[in-house]
Structures are given as C-alpha cells and as structure tokens.
There are 2 protein chains.
Amino acid sequence: MSIPSDLEISRAATMRPLDEIAASLGLGPHLLENYGRNVAKISLDAVGELATRPRGKYIVVSAITPTPLGEGKTTTTVGLGQALRQLGRNAAVTIRQPSMGPTFGIKGGAAGGGYSQVVPMEAINLHLTGDMHAVTAAHNLLAAMVGNHLHKGNRLGLDPHRITWRRVLDVNDRELRSVVTGLGGRADGTPQQTGFDITAASEVMAVLALATSLRDMRMRLGRIVVGYTQDGLPVSAEDLGAAGAMTVLMREAIKPNLMQTVENTPVLVHAGPFGNIAHGNSSIMADLIATRGADYMVTEAGFGADMGAERFFNIKCRNSGLVPDAAVLVATVRALKAHSGRFRVVAGRDLPEELLTENPDDVLAGAANLRKQIDNIRLHGVSPVVAINVFPTDHPSEHDVIRAVAEEAGARVATSQHFTGGGKGALELAEAVIEAAEEPSRFRLLYPDSADLRTKIETIATRVYGAAGVSYERSAARAIEDYEANGFGRLPVCIAKTHLSLSADPSLVGAPTGWTLPVREVRASVGAGFVYPICGDMRTMPGLGSHPAAERIDIDEHGEVTGLN
Amino acid sequence: MSIPSDLEISRAATMRPLDEIAASLGLGPHLLENYGRNVAKISLDAVGELATRPRGKYIVVSAITPTPLGEGKTTTTVGLGQALRQLGRNAAVTIRQPSMGPTFGIKGGAAGGGYSQVVPMEAINLHLTGDMHAVTAAHNLLAAMVGNHLHKGNRLGLDPHRITWRRVLDVNDRELRSVVTGLGGRADGTPQQTGFDITAASEVMAVLALATSLRDMRMRLGRIVVGYTQDGLPVSAEDLGAAGAMTVLMREAIKPNLMQTVENTPVLVHAGPFGNIAHGNSSIMADLIATRGADYMVTEAGFGADMGAERFFNIKCRNSGLVPDAAVLVATVRALKAHSGRFRVVAGRDLPEELLTENPDDVLAGAANLRKQIDNIRLHGVSPVVAINVFPTDHPSEHDVIRAVAEEAGARVATSQHFTGGGKGALELAEAVIEAAEEPSRFRLLYPDSADLRTKIETIATRVYGAAGVSYERSAARAIEDYEANGFGRLPVCIAKTHLSLSADPSLVGAPTGWTLPVREVRASVGAGFVYPICGDMRTMPGLGSHPAAERIDIDEHGEVTGLN
C-alpha cells in the first residue's frame, strides 16, 4: 500500500490552535509561550498549577531488540496516543527532540511517520525552539572556561591530562571526533587532545532530561565533573564558576515544547539524550506536567526494553518518583525473523527477499528475544503489552505466532496499523493498554541507590541482559573504585552497549546466554546523575554517508522545504 | 549621576504588546510569529505587503574613531529612535544581534544601555530567536560536507591544502583558534589544520545580512567558496550539494526579529556580522521592511565612519539599492581627547584621571579625527550630523569645541543625553537629524562595480582612510589576480583593519597622513559578496579574560537572570 510521504502528510494535516491543544491538558494560555505558529513552550508554573489534579496513567513504549532499521517505536507511541483519544480518553504523548545531525545525515526527518507523526515536521526536525542549541552553547561555554582556567594560571590545579570535558556540535562530522585544540601561539591556549560529540550526547542534555525543576537543573549543572586534579580530586562546573551562566543559557530550554500529532493529540517534545551513553528518554519535566494534564500519558524509551525501558525505570522513574502503569513492547515480524539468526538486516539496504516470504517458523525461531524482553518489563512489576507493528509485507500466520508467544509469556498483545491508519489503526492496542494500566502497579526498582556500582552493573547484566557474568578491564575496575571514593557510588548506572543485541555483541541475536559482559571503561555523568560503564565501542559523533540527506534537502520556488523525508 | 543597572531598567520597562508595536509600522498580526512573549519574527511577506508605501528617511549612525571602550553608538541609535517618536515621527530602529561569546566574555549584555536600550535585555543577549545558532548549524554542516567529500573519494578534486572553510561557534574560546581535526583512525576522516571562528565572523552571517530575499540567500549560500582544486578552480557550497540544506537551516533566520525599546519604539534586531572581517551592519531584510514601515528608520553601522559607514554605503546600500538621507557621527569628549595623543585609553581599565579634567584644548587637539570622519560622510553625498554623546564627566567648554569644529566642517551638531534621559535626552539630536534628512540626498557610491580590486582598495585607502598609498604582500597581490581571473573582481571590498585608528596602526590617533596601507592577505566572501583585504592581525575568535562575565551570571531564587550587565 502506498501512502503519501511524511512531509506531504504533515503539510496536509489540519492543525488546531495550540491554546486549544493545551486546554485539553488543563493548561491555560498564560502558561504558553509561542515559538512560531505551531510550537509553544510550556511555563514551568504548570507544575504548580496542575499539582492538585490526579496523575494519569503513565505508559512507556519500548521494543524488542530492534534491527538497524528500527521497529517503529515513535510511530507506535504517537499512534497509541491518537487511538486513546479516539476512545475518548484524554491522552498526551511525550517524546525526545530529534537531533539535526542524523536529519541531514542518513535519516531525513524523525518525528514519527505516516499518519502517526508530530506536526509540523519541519519544526520538530529543524531547530524546534532552540533547546539543542542551548545545550551546545552551555556545554561549549564550560569547555571554554576549562581551557581559560588552564590558560590563566590553573588555580584549581586541573591535571591537563585528566580533562574529561569535550565539546559538542549538533552535526554528523567525523573529522571532529578526535582533534587537537590550543595550537598556534602562547596566546592561543594550551594544546589538548580532545574531540567533539554530537550535542545529543552532551551530559548537559542528560541533565536537561533528568532535571525536576530549574533549581534542580542549576544544581546538576554545578555537579558536572570536567576533570581531575593531580591528586585525583574531581573538578566541577561549580568550581569553575560556570554553572550559573550555563543555567542562564538553559533557562528557556528547560520548558517543554508543546506540539500536536496529525490527529491533534498533544505532544510534549523535550530533550534528546543519546541512547548510547545516556538514558535515551525524553524529559522528566514534560512527564511531570503531562501526567497531571492527561489521563493517559504515553512516552517513548529509546532502543529495546533491555536498554531504554530499563533506564526509564531505574534512572528516569528513580529521579522523578513517577510510577509507570504499563509498558508497550513493539515487535515486528521482520525483527523476530532477524532474531532467528537466519537473515542479515543492514541499515540503508533492502531487506533480504527470503525474509519477506511467509514463514511463521522463522518468527518462532526468533521468539526468545520477545520472551526475554517481556520478562524485562515484568521484572520491574509493570504490565507488558506487545504491539505488533504491522507491515504490508507481513502474513497473518506470522502475527499469530507473535500473539501466541506473547500470551504464553503472560503479556497482552495487539496488532497495530497506526502508520497507515493513524489512531484508528491502533484501537486494539489502545484497548489492551487501557486494560493493562488498570492492573494495580507493582512497580519496583531493580536495585537500591545503596548498592555498590559492581552490584548495580551485575544486576542489570545478569537479570536484564541474560549475561552469565561481568568482566572488568583493569582501568574500568580502578575507575569504579575512584568513583566510589569520590562519593559517586550511590548513582544509578547506565550501561553503554550495543542496542542491536541483548548482549554486548551486535551479532548475537535472539536471547543469548552464557556470555560475559565486558566492561572496557567506566565514565561518570555526575551532573546528570549516573555512572556509565562502556561495553564495546561507543561512537558519540556520527559521520555522514556517501550520499547525505543534506544533498536532497532544499527549498522549492515557494520557499517550502523539500526532501526532508 | 547614578542610574539603575541596565538589567534593572530593562525589568522595570513597561512593554507594549508586539502586535501594537508592529501595527505602528503597518505590519498586521498575520505577519508576526511570536518567539516567547516579547520577541516576534516578521514574515518576509511584509516586503510585498508594504511595497506600495513610500520609503521613510534612512538614517545611519556611525562614529568618530572610537576608543577601545566604544563611544555609545548603539545607545545613540536607540535614543535617536525614541526621540523621533517623542517628536511625533513614526520611527523605527534596526540593529545587529549581539554575539553570546562577548556576553559571557568581557561585556555582559549589549543591547544599548541605560534609558536607551532594547528590551527584554535577557532575550536580545541570550539566543534571541536562534538566528546565530542557525548560522552556526548551516556553517558547520557545510564544513562536515567538505570533510565528508574528501573522505568519500573527493570527486571534485578539492586540494586538501587549499580548503578555506573553517568552522564556527558562538563562544569566546581561544583554544579553538587553531586546531587539527580528523585525527584518530581511517574512519575518522582526513587530518586537517584548521580552526574555529566566532559565529558572527561566519560568511553565512554576512550572507544573512546582505540577502535581499530567501531566493537571494539561497543563491549566495550556493556561491560560498570552500576551497580550491589542484588547478586553482574554486569549489562552492553548490558544487557540494550543501546550499539547499543550508538554506533550509536558515529559513527562519532570514526573518527579522521585532522587539521594542524601553520607550516602546520598534526595533528590528537582525544578523550580527563581525565588523573586523565583514561589513558589520545589520540586515538588509530588516531595512527593506522598516524603511517602508517607518517615516524615519535609524540603523547602526559598526565602528567608526571609515569602517562601518563606508561599508554601509559601499556594500550594504550597493546591495539593497536603499538611499541614505543622513548620517549621525557619534563623538565623545573622551575619544577626542584620546585623539590628541596625550592619553592612553585601555579596555577594562579606568580612564586616566587627567583625561577627566576640564581641558577644551585637548579636545581641539584631537579634532582632526572628527573633521576627517565628517568628510568621509560627505564624500558619499550624505548629510552629517555630529551627536555629542554627553558623559557626566564632560564640561560645557569641551562640548563647545566639538560644536565649533563640526559646524566649521559644515555638519549639524547636537548634544545628546539619551543614556540617562532616554528619548527626551536626544530631542536636540532628533531635530538636527530631521533637518539634515530634509536636504535632497546626493548619495553616491565611492567606486563602481567595474573598477578592479586594486582600484577599489586604493580608493578607500586614500580617500577614506587618508593613506598615501597601498602596499601588497606578494601573496596578497597573487590572490587579487586569482580572484579577478575567477570573476570575483566585480565584488566590492571590505577592508579588514583596526577600528581604533583611521590607519592600519591602532596607535596612530587623530587623522594620520603619509602612511601606507599594508595589505597582508586578501580573502573572498564570494557568497556574501565581497573581497576582504586584511591589513594587520585580525582575530576572528576572541578569548575569555581572567574573570569572564560568565562567572558573575546566574539565576536568582525566583529563576531570574542576574549579573548580565
């Protein structure tokens, strides 16, 4: 079935005034600040004004372990929100802001798709209200102040070889991964081996996503560690006198952005932390507002349930105190077939022909991943709902297998055709979610703050990933000791590993067992509030492809954007 | 006399709804897009809608050669606009957007000052509507595409040693002036010796300021030259397929930003090109709209009249076709005393005590600079008005000297106390400007497009700067030949020299003669549309001081910004 392009659907959407969208969440016009015609920032005063309203149901959308193509989590999130509205429920959606690097790189736009997308797609994909840019500015101001501190006498005794704060830009630019700065003459600073990450990977972005108030953001920014002294003591943004200015740069960015879907469901778009090395979830501020404003609040967690949902539970909910009522697991026929180990799916290439022929056995052969990810939701005491994201190349017999496996594992299950059908296509899913959310929440964190860092890592590795154990490089083990000595041991952990496998090896499909999680390095985002062990190579600055999307993007004779999808 | 801080005055200002501000310029609410509560972008449809209205008087505010402290050009521009309103004239002001680098560096905010400032000062100094960030994004996307082109086979045959396109960030960061990128492994690109400029110095910013329509901006972005082939042929952003995406990134930025002064005079804040290496004037788009909307449109040109005003006439007006009706020359007692050569004024230090004692002779000893700058205005057929920006430490006898010198040189003259008095303090100035603008304009460009580059340079050097001649480094002479061979010879020139002297030597005060302008290097901003000979050291990335303003900037317990001025 052929439907119009995302950009065409976006253009054809009938948008409602944002005042009206906001009103459905109990937000008066005095709480809105318009940014252009179809985006508004929501004043943080909303938190106080809505405080007496009961919290709505809190639904997280996750997935089985995806293929490199992604399994449609954002479209499912949007489609589910729309379907709940169609069922007469007051629903809202919260998602992350897309990063412009990939927009001009491989992806084009990223705001859902088809009839389950956020509009206008030009706005969400380009600058939005400048939050990403504010993160870039705050992050790089701190970098400049670190360099300036060294240049002006190094009062704090920063060890030039132990500066951990890099710079960021919201662009796919491989040449910036590894750079030497401070060349030139004496007036041009101190030479440093360093690099740039993409803005989404900035700790400042993670701070934005996890802050629970402006004041809390100010404190977290102050706690950011930029490096260590010769004696191994951490030096913070507060020590450098940078945290106040960084907060001022982020003062508007902390306000969530209100938009709408093609069906006028309210969407709060806010923060965009990089799922590889951060928790990969949209902001707590948005959820604090939208759970009060809506009866059903649907949010997306990045990657598969072992990654995004685990961090949603153990990092985001730990910080916010919000309690999830149900979790959606997006599953696709193609991903389960890929988990059989019989096919190879590569980003940017067509799916293998044989994967598209009817073969329920291949789906069953990959079902171990679905079972494990259902377990990963239940492990946290949350009711799972499997959403079969239907593709035109699917066969009913293949859906039947997914249904049977899910039900056997004790999950609700529904097919969903939100991409082509919008909210109407996701009604069965919405009904299953409403049922699941009615069950009393038995939500529990996987580990207490007080557990030591190794226990936290090992708990996630063995219970969520299915590893037999964890191994540590010597430097990783030493970093853990140092962090605990510095008082960072109480932080939750955010394990950086591939999202393409439950294991740390992207080629291991299904639900591998008997393997060991190799912790190569351990870093700390002390400001954001987590320690992140790194297992495998984590790229924090993408590159452009041979034919970047940027080459196709332009304006037409009316000044309208073309080629964004 | 002590008045409240700029931030206090800004907070206490009674702002009018922007719809009302816009209406006074004939702009209906359908042409406004709000960005937060007190800033709006103006749709470019305004150009067409206002096309049948007569153009108002077009006034440029320049200055004598300033001290490093600046002589109050922005406050005079704002104060004059306010005074014209008080006299019942429909006035508007257009100025550049301040750069955030200096805001967190030495300066704090920069939006006028005292009772002649643009409000809210937090908005104009922090992000505004994101135009600077859009320039950063577009500029760095092009840089990434240059690097990617080399990495992916270099189809166009770019010479890696002749890549002229650097990167930009809106921060004062000396460590970024000179960097090596592309280190790491084969997957991390090609090593390059390069650097970062501050965003205001980006050619993309100069394009934004000189574009006369969205389509024109698209073409100028396409013409940007990023480097040369082995055969010396220019390679453009268009060749790389980047210009469309850059335009899409700049599609909102091209719309001027509407704000207001503390007295509710309309202000269009737009573009912020670096005066050192670009023309240093606010945008043509803003002036195209505001000259139709207002009866008197007052704009500021950077630095002294030899720099900003010369470029205003010969670059900005050449591009826009707009005809200036009068030029204000801001003069101060302190700057004229400094031009006597008897004092040394240093940025960030108190003025010398002796400079503050009454001494009209010192003023007269520095008057040559004022005479020459008056000449520089008359050279372009425009009526000069000298504005004595009054300081509390001035003496009436000193003002009398300035008055006498100006009148003798055939200029109108008025004192102005807009800093402490707002528009009311600038009434005498406004009356003089009204008179001057009534004279029929005999505006003329200093040189035709068809003159060769050496003739253009020599015309400005001898006629405006008062040089005896021009010398060229060998490489500069060769660059001129190459540019003319590549068809860039028809462009106007933007001479990059110190703004602290009419000459290229910042220590030469007054109106030096008998000196030679040394052209060290010649570069081309082909997209923006000018060639810029560089005379002396031009820093395009500032550093932070020992006590950067950022250390004092923070939020208070109510979340309000503190320490911005």
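The values are calculated or read from the model by the stated rules, or taken from the named source; none is laboratory data. Fair warning: this is a prediction, and the values are worked out from it, not measured in the lab. Quick reminder, even Gly has a Cβ in these numbers, built from the backbone with ideal geometry, and neighbours come from all protein chains shown. The area values use the complete protein model at the heavy-atom level, side chains included, leaving out ligands, DNA and RNA. Shrake-Rupley method; radii C 1.70, N 1.55, O 1.52, S 1.80 Å.
In table form, for the structure just shown:
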item: Relative contact order [Cα under 8 Å, 6+ residues apart], region B:453-534, whole percent; result: 37
item: Selection from B:Gly381, B:Val561, B:Ile480 lying farthest towards where the dipole of chain B points positive, charges on Cβ; result: B:Ile480
item: Cα long-axis angle, helix B:367-378 against chain B (0 to 90 degrees, to the nearest 10); result: 70
item: q = 0.19 Å⁻¹: log10 I(q)/I(0) that the Debye formula gives for region A:62-116, counting C-alpha atoms only; result: -0.76
item: DSSP-defined beta bridges in region A:453-534 - what % are antiparallel, rounded to 5; result: 45
item: Cα Rg over Rh - region B:281-423, Kirkwood; result: 1.00
item: Contact surface B-A: accessible area buried, both sides summed, square angstrom, 1.4 angstrom probe; result: 5800
item: Net charge, A:Arg292 excluded, C-beta distance under 11 Å - Lys, Arg +1, Asp, Glu -1; result: -1
item: Scattering profile of region B:81-194 at q = 0.11, 0.18 Å⁻¹ [log10 I(q)/I(0), Debye over alpha-carbon scatterers]; result: -0.56, -0.98
item: Tail beyond 14 Å, pair distance distribution of region B:147-224 (Cα, percent); result: 70
item: Share, in percent, of DSSP beta bridges within the protein assembly as shown that are antiparallel, nearest 5; result: 45
item: Per-residue ³J(HN,Hα) for region B:70-87, Karplus 6.51 cos²θ - 1.76 cosθ + 1.60, θ = phi - 60°, Hz, x for Gly and Pro; result: x, 10, x, 5, 5, 5, 5, 4, 5, x, 5, x, 5, 5, 4, 4, 5, 7
item: Surface share of carbon and sulfur [accessible, 1.4 angstrom probe, percent] for region B:453-534; result: 47
item: Mean separation of Cα contacts under 8 Å (6+ apart) over length of region A:1-127, as relative contact order %; result: 27
item: Within-12-Å neighbourhood charge of B:Asn257 [Cβ basis; K, R +1; D, E -1]; result: 0
item: Computed log₁₀ I(q)/I(0) - Debye formula, equal Cα scatterers, no solvent, region A:210-270, q 0.26 Å⁻¹; result: -1.01
item: Whole-number D in µm²/s for region B:130-279 (Stokes-Einstein; Kirkwood sum over Cα pairs; 20 °C, 1.002 mPa s); result: 131
item: Relative contact order of chain A, pairs being alpha-carbon contacts under 8 Å that are 6 or more residues apart, as %; result: 21
item: Positive-pole candidate from A:Ser450, B:Met250, B:Ile289, dipole of the protein assembly as shown, charges at beta carbon; result: A:Ser450
item: B:Asn486/B:Leu69 FRET efficiency (R0 45 Å; Cβ-Cβ; nearest 0.05); result: 0.65
item: Ratio of the Cα radius of gyration of region A:475-565 to 2.2 N^0.38 Å, where N counts its residues; result: 1.64
item: Crossing angle, helix B:214-223 versus chain B [Cα axis fit, 0-90 degrees, rounded to tens]; result: 50
item: Integer Hz, Karplus 6.51/-1.76/1.60 couplings in order for region B:145-156, x for Gly and Pro; result: 6, 5, x, 5, 5, 4, 5, 9, x, 6, 3, 7
item: Pairs of Cα atoms farther than 47 Å apart, chain B, %; result: 8
item: Overall Cα dimensions of the protein assembly as shown - principal axes, largest extent first, Å; result: 99, 54, 54
item: Farthest positive-ward along chain B dipole, Cα basis, beta-carbon charges - from B:Gly321, B:Ala432, B:Gly527; result: B:Gly527
item: Dipole moment magnitude, nearest 20 debye, region B:191-277 about Cα centre, only Lys, Arg, Asp, Glu C-beta charged; result: 240
item: Projected-area mean, region A:357-399, by convex hull of Cα positions, square nanometres; result: 3.3
item: Accessible area in square angstrom per residue, region A:519-565, 1.4 angstrom probe; result: 39
item: Coordinate range along principal axes, alpha carbons of region A:259-299, Å, largest first; result: 32, 23, 12
item: Kirkwood hydrodynamic radius of region B:186-226, Cα pairs, Å; result: 12.2
item: C-alpha long axis of helix B:427-438 to longest principal axis of chain B, angle in °; result: 60
item: Within straight-line cross-link reach of A:Lys255, lysines at Cα separation under 26 Å, skipping those fewer than 8 residues along the same chain; result: A:Lys41, A:Lys57, A:Lys73, A:Lys316, B:Lys41, B:Lys255
item: Heavy-atom accessible surface of region A:21-151: percent carbon and sulfur, 1.4 Å; result: 51
item: Residues of region A:131-249: accessible area per residue with a 1.4 Å probe, Å²; result: 29
item: Reduction of at least 40 Å² in accessible surface, 1.4 Å probe, comparing all protein chains with the chain by itself, residues of region B:217-266; result: B:Ala245, B:Val248, B:Leu249, B:Arg251
item: Across the identical copies, how the A:Thr513 labels are spaced - nm, sorted shortest first, 7 Å along Cα→Cβ; result: 9.7
